Amino acid sequence: MTKIFEITHRDGAARIGKLVLDREISTPAIIQIHKKESPVIDSGSLWKKTEFNELAESQKIVILPHKSLPLHTRNELIEEIQEVIKSPSNSAYTGTVIHPFAHSYPASDLYVLGAAKQLENQPRDFVESIIRLRENTRSDSLLYAPALATPENLSMLIYIGVDIVDETLPIIKGYQDVYLTNSGEYHLDRLHELPCACTVCSGNTPQEMIKLPKKERAESLAQHNSLKLGEEVRVIREQIRTGSLREYVERQCRARPWLTAALRLIDAEGVFLEKRTPVFRSNTLYANTSESLNRVEIRRFAQRVMERYTAPELDTLVLLPCSARKPYSTSLSHQKFINTMGKYRKYVHEVIITSPVGIVPRELELMYPAAHYDTPVTGYWDKEERAWVGGCLRSYLLKNKYSNIIAHVDGAYREICGSVEKELGLEFIYTADDGVTARPSLEKLGQAVSKSEDGKKRSSEEAKIDLMRAAAGFQFGRGAGDILVDGASVKAPFPKFQLFAEKQLATLIPQYGTIALTVEGGLRLRAHPGYKVKIGDFTPHSSILAPGVLDADPQIRPNDEVIVEGEEFFGVGRALMSGWEMKECSKGIAVELRHSRKIAN
């Protein structure tokens with residue numbers, strides 16, 4: 001348990017932190033390990049037949065003496081070397097070199113990924129080795145990947161969880177007459193102009209630099225390359241702060257095929273990123289690439305719709321297309337659909353079909369990311385989109401049964417519905433022949449829903465309760481919604497619903513579609529499993545620090561609504577880290593409290 005590193009911002013596996021040694025350093029960080037002022041000191045290789053002298057550096061991280069091995073080394077040799085490396089150090093903080101294929105991880109403040117440079121252009125080994133290391137070491141330990149970072153791959157390194165890099169490769173590239181940018185590298189003699197305005201490039205041309213003496217040219221290129229790496233790390237830190245790193249990585253990974261492959265392999269692993277990804281962000285989710293379909297937020301939403309959402313007991317389902325404006329019900333097209341259905345709307349259940357989110361029940365249209373995404377609209381859906389959305393619709397209809405299904409869709413939406421209809425042996429009623437907002441289509445929609453009048457219906461008050469039930473179930477798990485809304489009523493206009501049962505239980509937060517509990521609402525869910533944080537015998541005020549957490553539900557993610565319990569304390573608030581992190585971290589805020597009170601057990 002390190003006491004020198006505090007994580008302040010999280011975006012998937014990437015994080016910004018404060019590393020406090022002889023000075024405070026913001027991570028992700030670039031170090032110059034061979035310089036005296038470096039916060040990390042390398043003790044050197046044990047392959048050298050020289051006696052190791054301990055480094056008395058209490059305010060620096062000392063990398064213990066190590067035996068580096070090539071990437072493809074026999075497992076038994078890796079294990080043998082790892083066991084031998086137990087050299088003493090009187091430094092307060094230590095680093096340990098770990099081979100990428102190692103399976104044992106001694107306690108350490110810093111882990112150095114051995115043979116890191118050899119992982120370049122090896123996407124599977126790169127992804128598997130870092131995920132394995134991250135999953136088997138403490139969440140507040142640091143990861144250093146030496147001699148691997150360049151401006152073009154830095155975002156991927158940080159996205160997968162690397163905290164520290166160095167300037168080694170940019171400097172080497174400079175001595176090889178290679179000019180680095182964040183979109184690729186260029187040999188100096190093939191450039192016509194310098195696409196940079198740094199102190200090295202400003203006022204210079206490639207032709208002038210080529211004429212410089214070899215040493216001067218190499219030093220200038222190395223300086224430029226290092227400046228570009230520094231610029232890139234600052235850009236990435238800002239992307240983490242705004243929650244936009246994924247979009248940035250999707251752009252940057254196009255620089256090299258191995259980076260694109262690495263992103264796809266990270267997504268395919270699934271659990272690693274999901275357990276580190278917040279349940280909502282304050283920024284728009286831009287789904288601009290095919291890889292966006294595999295984003296944690298997209299897959300998580302679809303999974304929760306299937307596992308946690310229960311459709312209202314209505315006989316008729318109306319399938320509708322998505323809209324550019326979010327939430328859908330505020331768009332011009334959906335206003336036309338709603339007005340057309342009129343008084344018969346109480347007899348039908350509305351579900352929106354969309355890429356990349358899949359399907360969105362009307363009750364969840366405010367929930368992140370259903371109301372927070374944007375995607376290119378061309379009218380063309382590729383096979384992956386069709387398969388994903390069709391699969392979501394198919395799974396939904398297998399779980400939720402309706403007597404009548406009205407599909408007010410056209411184009412690719414209709415083709416997807418037709419495929420699912422045929423596969424499941426159902427019969428859809430199609431009402432849009434000339435565009436979904438054309439008058440004849442709307443008239444057919446009105447006629448179709450009017451025939452549902454003999455079926456089950458729900459009042460406007462019941463529809464409000466259904467929304468609050470769906471949101472609570474989506475957040476806290478199946479069954480939580482029923483517990484929370486039992487005997488309650490909804491006050492305040494949409495979308496700022498407030499749930500009351502004598503006292504206020506919860507508020508709907510329209511920005512994210514989530515439920516914010518009061519203490520009374522939390523007490524209702526006290527017996528429901530999940531999303532609980534147990535603290536020691538103390539009375540917190542505005543926040544709870546990680547060292548005060550005794551136990552936490554491992555399914556808690558950053559920004560989740562959580563219930564906090566102590567021996568004589570009960571509160572509700574928002575998690576700032578995942579539940580499994582709360583139990584591991586020795587620094588940082590675990591929960592921001594909103595409401596609390598003392599209780600007697």
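The values are calculated or read from the model by the stated rules, or taken from the named source; none is laboratory data. Being a predicted model, the structure only gives us computed values, none of them experimental. Ideal geometry is used to build each Cβ from the backbone, glycine not excepted, and the neighbour counts take in all protein chains shown.
Anything in region 141-194 that is β-branched (Val, Ile, Thr), under 28 Å from THR205 (Cβ atoms) and in a helix (DSSP H, G or I)? List them, or say none.
We begin by selecting, within region 141-194, every residue β-branched (Val, Ile, Thr); these are 150, 158, 160, 162, 164-165, 168, 171-172, 178, 181.
Okay, now just the ones that are also under 28 Å from THR205 (Cβ atoms), so 150, 168, 171-172, 178, 181.
Correct list: THR168, ILE171, ILE172.
Return the pair list, or none, for Cβ contacts closer than 8 Å from residues in region 439-461 that are touching a residue at least 12 places away in the same chain (Cβ under 8 Å) to residues that are part of a helix (DSSP H, G or I) and loosely packed, with under 12 Cβ neighbours inside 10 Å, at least 6 apart or on different chains.
GLY446/GLY342
Can you run down the residue pairs with Cβ atoms below 7 Å, 6 or more apart or on separate chains, where the first is in region 372-401 and surrounded by fewer than 17 Cβ atoms within 10 Å (Cβ to Cβ) and the partner is among the aromatic types (Phe, Trp, Tyr)?
Matching pairs, first to second residue: ASP374/TYR286.
Only one of (1) surrounded by 15 or more Cβ atoms within 10 Å (Cβ to Cβ); (2) outside the structural domain of TYR380 (by TED's automatic domain parsing); (3) without any contact (Cβ under 8 Å) to a residue 24 or more places away in the chain fails for GLY418. Which number is that?
For GLY418, the exception is condition (2).
So ILE240 ticks every box in (1) assigned by TED's automatic domain parsing to the domain that holds ALA29; (2) within 30 Å of GLU581 (Cα to Cα); (3) surrounded by fewer than 19 Cβ atoms within 10 Å (Cβ to Cβ) but one. Which box is left unticked?
Against the list (1) assigned by TED's automatic domain parsing to the domain that holds ALA29; (2) within 30 Å of GLU581 (Cα to Cα); (3) surrounded by fewer than 19 Cβ atoms within 10 Å (Cβ to Cβ), ILE240 comes up short only on (3).
Consider MET367 carefully, then state whether it is in a loop (DSSP other than H, G, I, E, B), buried (at least 22 other Cβ atoms within 10 Å of the Cβ) and in contact (Cβ under 8 Å) with a residue 60 or more places away in the chain. So that I can check it myself, show each step before the final result.
Values: in a loop (DSSP other than H, G, I, E, B): yes; buried (at least 22 other Cβ atoms within 10 Å of the Cβ): yes; in contact (Cβ under 8 Å) with a residue 60 or more places away in the chain: yes.
Here the answer is yes, as MET367 does meet what is asked.
Of all residues in region 330-388, count the ones that are of a type in the set (D, E, K, R) and within 30 Å of GLY455 (Cβ to Cβ).
In the first step, residues of region 330-388 are kept if they are of a type in the set (D, E, K, R); the result is 336, 343, 345-346, 350, 362-363, 365, 374, 382-386.
From the residues that got through so far, the ones that are within 30 Å of GLY455 (Cβ to Cβ) too are 336, 343, 345-346, 350, 362-363, 365.
Final tally of qualifying residues: 8.
Here are the criteria: (1) polar (S, T, N, Q); (2) farther than 21 Å from GLU274 by Cα; (3) within 22 Å of the chain's Cα centre (by Cα). Tell me which single one SER578 does not satisfy.
SER578 satisfies all of (1) polar (S, T, N, Q); (2) farther than 21 Å from GLU274 by Cα; (3) within 22 Å of the chain's Cα centre (by Cα) except (2).
Going through region 555-587 one residue at a time, which ones are out of contact with any Phe, Trp or Tyr (no Cβ under 9 Å at 6 or more places or on another chain) and assigned to a strand (DSSP E or B)?
GLU565, PHE570, GLY571, VAL572, GLY573, ARG574
Scan region 124-175 residue by residue and report those that are more than 22 Å from ALA102 (Cα to Cα), touching an Asp or Glu at 6+ places or on another chain (Cβ under 8 Å) and either charged (D, E, K, R) or in the same structural domain as ALA546 (by TED's automatic domain parsing) (or both).
GLU152, LYS173 - these are the residues of region 124-175 that are more than 22 Å from ALA102 (Cα to Cα), touching an Asp or Glu at 6+ places or on another chain (Cβ under 8 Å) and either charged (D, E, K, R) or in the same structural domain as ALA546 (by TED's automatic domain parsing) (or both).
Can you work out which of the residues in region 98-135 that are assigned to a strand (DSSP E or B) and of a type in the set (A, V, I, L, M, F, W, C) is farthest from SER45 (Cα to Cα)?
If we take residues in region 98-135 being assigned to a strand (DSSP E or B) and of a type in the set (A, V, I, L, M, F, W, C), then LEU110 is farthest from SER45 (Cα to Cα).
Matching residues to (1) at pLDDT 95 or above; (2) under 18 Å from LYS444 (Cα atoms); (3) out of contact with any Ser or Thr (no Cβ under 7 Å at 6 or more places or on another chain):
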residue	(1), (2), (3)
TYR380	no, no, yes
ALA387	yes, no, yes
TYR396	yes, no, yes
LYS399	yes, no, yes
HIS408	yes, yes, no
ARG414	yes, yes, yes
GLU423	yes, no, yes
LEU426	yes, no, yes
ILE429	yes, yes, yes
